[in-house]
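The values are calculated or read from the model by the stated rules, or taken from the named source; none is laboratory data. Keep in mind the model is a prediction, meaning the values are calculated, not measured. In this analysis, Cβ positions are derived from the backbone assuming ideal geometry, glycine residues included, and neighbour counts consider all displayed protein chains.
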Amino acid sequence: MQCIFEAVGRFVLTHLANIGRITLLYAETVRQVTQRLRVRSIVYQMAHLGVDSLLIVGLTLLFTGIVLTLQIAHEFIRYGAQSTIGAVIAIGIGRELGPVLVGVVCAGRVGAAITAEVSTMKVTEQIDALRVMAVSPVNYLIVPRMLACMIVVPVLTVFGDVIGVLGGYLTAVHYSGISPYTFTHSITQFAEIYDMTGGLIKAIFFGNVIAVLGCHYGLNAPSGAEGVGKATMQTVVTSIIVIFILNAVLTFFLF
């Protein structure tokens, strides 16, 4: 029994200490934002992290829109609610599926890339070299990545929303027999602009989380190639969990 309590206590203390380190790192990052902004580095990170993720985001949301329409179109037609199919697809993707799926994809693609880069710099002592040259690693490494992710993830979400609704439109019109006017008219009648902007607010928070967690695990990666792989795995898993929790909280307040 004592061993069980010791294991539980060790688990709780370890994770509380980890949360404390992440909080302190985030506070320092926010403070450094008001200092010197490295615009070229931010733009480079946006291109590196965002453009390379567009294809996988587009494919993910395209097939999500197709499958969602396949699942609901038959039932809606059966009960005479086919005039709301377009709005349901647009609202569902705009509020939830778009930002959440883009966040999960970016947690795997962008979060892993950030952790691999930062942890490799740590293992090869490049971060120590920055400190020797009186350059803040937070300002040089974390701030550009955080700001880039806070811009890129919402932009990817916009593309994902449009592609997802387009996939739903093509499926509803060419497979389920819904007229194009019925689909588009339901969107204009029932959906609101806030259904998308609310999802974009979520995406900003998701991008923030992905960048900070990716840098945190990269800075604290164990030495060696195995440490880089372990840190990358921790980033992806933790980011996805935090995104789901944060999505529930933000949904409660936003909608």
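For this structure, a couple of remarks:
- Residue ID - surrounded by the fewest Cβ atoms within 10 Å (Cβ to Cβ), chosen from residues in the stretch 70-104 that are of a type in the set (A, V, I, L, M) and touching a Leu at 6+ places or on another chain (Cβ under 8 Å): L101
- Taken across the stretch 197-214, residues that are charged (D, E, K, R) and either under 30 Å from L141 (Cβ atoms) or in contact with a Pro (Cβ under 6 Å, 6 or more places away or on another chain) (or both) do occur, with at least one present.
- Selection status of G218, part of a helix (DSSP H, G or I), at pLDDT 90 or above and either small (G, A, S) or farther than 27 Å from V110 by Cα (or both): no
- For the stretch 1-57, the candidate set comprises residues that are small (G, A, S) and in contact (Cβ under 8 Å) with a residue 60 or more places away in the chain; within that set, the residue that is surrounded by the fewest Cβ atoms within 10 Å (Cβ to Cβ) is S41.
- Residues within the stretch 48-67 that are of a type in the set (G, A, S) and at pLDDT below 85, tallied: 1
- Within the stretch 128-152, residues that are more than 15 Å from V118 (Cα to Cα) have Cβ atoms under 8 Å from residues that are modelled with pLDDT under 85 and part of a loop (DSSP other than H, G, I, E, B) in these pairs: L147/L37, counting only partners at least 6 apart in sequence or on another chain.
- Count - residues of the stretch 68-81 that are assigned to a helix (DSSP H, G or I), under 19 Å from T188 (Cα atoms) and modelled with pLDDT under 90: 2
- Of all residues making up the stretch 136-194, the number that are surrounded by fewer than 22 Cβ atoms within 10 Å (Cβ to Cβ) and not in a helix (DSSP H, G or I): 8
- Pair list, Cβ under 6 Å, 6 or more apart: the stretch 183-203 residue touching a residue at least 12 places away in the same chain (Cβ under 8 Å) and closer than 22 Å to L170 by Cα, other residue surrounded by 15 or more Cβ atoms within 10 Å (Cβ to Cβ) and hydroxyl-bearing (S, T, Y): F183/Y169; S186/S83; S186/T84
- Looking only at residues in the stretch 210-249 that are of a type outside the set (S, T, N, Q) and in contact with a Ser or Thr (Cβ under 6 Å, 6 or more places away or on another chain), the one that is surrounded by the fewest Cβ atoms within 10 Å (Cβ to Cβ) is V228.
- Which listed residue, of T29, T14, T84, is among the β-branched types (V, I, T), part of a helix (DSSP H, G or I), modelled with pLDDT under 85 and over 24 Å from the mean Cα position of the chain (by Cα): T14
- Only a single item in (1) modelled with pLDDT of 90 or more; (2) closer than 18 Å to E96 by Cα is not met by A191, and it is number (1).
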